[in-house]
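Beneath this line is the structure, given in structure tokens, with notes to follow.
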Amino acid sequence: MVLVDTSVWIDYFNGVRARRTDLLDSLLGTGTVLIGDLILAELLQGFVSDADCRSAATLLEEVPCVTLGGREIALQAAQNFRALRRRGVTVRKTIDVIIGTHCIVHQHELLHSDRDFEVMARYLDLKLAA
């Protein structure tokens with residue numbers, strides 16, 4: 001399963017042609033794409049037009065939505081953040097640590113366009129979608 005980060009969804013809905021958006025396009029409809037609840041909220045709040053937001057929400061109804069947080073993930077995310085900080089790396093957003101930790105715990109690949117996930121892949125067991 002591949003969890004798709006907000007960064008890729010934003011590019012996808014904005015019509016950005018890139019390897020990551022092409023991969024998302026090829027994976028849609030295969031049953032392998034996931035969206036997280038926090039990612040869904042982050043994505044939809046960014047739409048200016050109500051009509052565009054409704055259209056995106058309708059399209060995303062077909063994509064299984066997983067709960068990213070919870071006590072187990074919160075505790076592990078804090079440990080992961082601290083482990084990275086000990087290496088001199090500070091992830092800029094807590095939500096990114098939660099997303100990455102969810103993927104590690106549930107063994108999902110992550111499709112992203114955010115440098116913070118690269119360091120999580122380097123130092124933690126985060127698997128990135130090619």
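The values are calculated or read from the model by the stated rules, or taken from the named source; none is laboratory data. The model shown is predicted, which means the values in this text are computed figures rather than measured ones. Neighbour counts are summed over all protein chains in view; Cβ atoms, including those assigned to glycine, are modelled from backbone coordinates with ideal geometry.
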Check your understanding: Which numbered condition trips up Gly88, out of (1) part of a helix (DSSP H, G or I); (2) of a type outside the set (D, E, K, R); (3) over 17 Å from the mean Cα position of the chain (by Cα)?
Key -> (1)
Point to revise | Failed criterion for Ile95 (all others in (1) in a loop (DSSP other than H, G, I, E, B); (2) touching a residue at least 40 places away in the same chain (Cβ under 8 Å) hold) | key: (1)
**Study point:** Those residues of the stretch 101-115 which are assigned to a helix (DSSP H, G or I) and either at pLDDT below 95 or surrounded by fewer than 21 Cβ atoms within 10 Å (Cβ to Cβ) (or both), in sequence order
**Key:** Ile104, Val105, His106, Arg115
Exercise for review: Return the pairs, sorted by first residue and then second, in which the second residue is at pLDDT 95 or above and loosely packed, with under 13 Cβ neighbours inside 10 Å, the first residue lies in the stretch 36-59 and is more than 16 Å from Thr6 (Cα to Cα), the beta carbons are less than 9 Å apart, and the residues are 6+ apart or on different chains.
Suggested key: Ser55/Ser49
Revision key, fill the gap. Considering the stretch 116-130, residues that are of a type in the set (Gly, Ala, Ser) and in a loop (DSSP other than H, G, I, E, B), and then whichever is surrounded by the most Cβ atoms within 10 Å (Cβ to Cβ), we arrive at Ala129
Check your understanding: What residue, among those in the stretch 1-14 that are part of a helix (DSSP H, G or I) and not charged (D, E, K, R), is nearest to the chain's Cα centre (by Cα)?
Key -> Thr6
**Study point:** Some residue of the stretch 15-34 being under 17 Å from Ile98 (Cβ atoms), in contact with a helix residue (DSSP H, G or I) (Cβ under 6 Å, 6 or more places away or on another chain), in contact (Cβ under 8 Å) with a residue 24 or more places away in the chain and in a helix (DSSP H, G or I)
**Key:** no
Review point. Got a sec? Which of Arg85, Arg92 is surrounded by fewer than 12 Cβ atoms within 10 Å (Cβ to Cβ) and at pLDDT below 95?
Key: Arg92
Review point. Of these, Leu34, Leu44, Leu75, Leu38, which one is at pLDDT 95 or above, over 13 Å from the mean Cα position of the chain (by Cα), of a type outside the set (Gly, Ala, Ser) and over 15 Å from Leu124 (Cβ atoms)?
Key: Leu44
